[in-house]
Amino acid sequence: MTKLTEKEKEEIKKLYAEGKTLEEIAEQFGIALSTVVYWTNDKYQTNLRKNNRDYQKRLYETNNKDANENKEKRKAYMKEYMKNRYHNDEKFRLKLIERVKKNKLKQG
């Protein structure tokens, strides 16, 4: 798949305006019919770009939403884990209490 040059794009538009069919132009340049349609039909080009932007936006929003949901799940899991460990592990509880006391002394 090669990228069309500006000169080729203009040539495609010119040939189409002269009455050549989309199929003839596609065959002449060795490109897909949809590429010829894209460069000869402004409305199609505009709609395709808009649809692509909308798709990218939805994709970003979906990924962002999933990331936030996962973050909340991890946060809830860690809260539950720490609560269980605090109640079930005497050494951990004493270390945590000591750490909280140290932080209060530093702040105060």
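A few comments on the model shown:
- The set of residues in segment 11-21 being assigned to a helix (DSSP H, G or I) and not basic (Lys, Arg) consists of Glu11, Ile12, Leu15, Tyr16, Ala17.
- Those helices (runs of 4 or more DSSP H) lying entirely in segment 22-108 with at least 1 residues under 33 Å from the mean Cα position of the chain (by Cα) and at pLDDT 90 or above: 22-29, 33-40, 42-88
- Out of Gln107, Gln45, sole residue that is surrounded by 10 or more Cβ atoms within 10 Å (Cβ to Cβ) and either without any contact (Cβ under 8 Å) to a residue 24 or more places away in the chain or farther than 30 Å from Lys3 by Cα (or both): Gln45
The values are calculated or read from the model by the stated rules, or taken from the named source; none is laboratory data. Treat the numbers as computed from the prediction; the structure is a model and nothing was measured. Backbone-built Cβ (ideal geometry, glycine too); neighbour counts: all protein chains shown.
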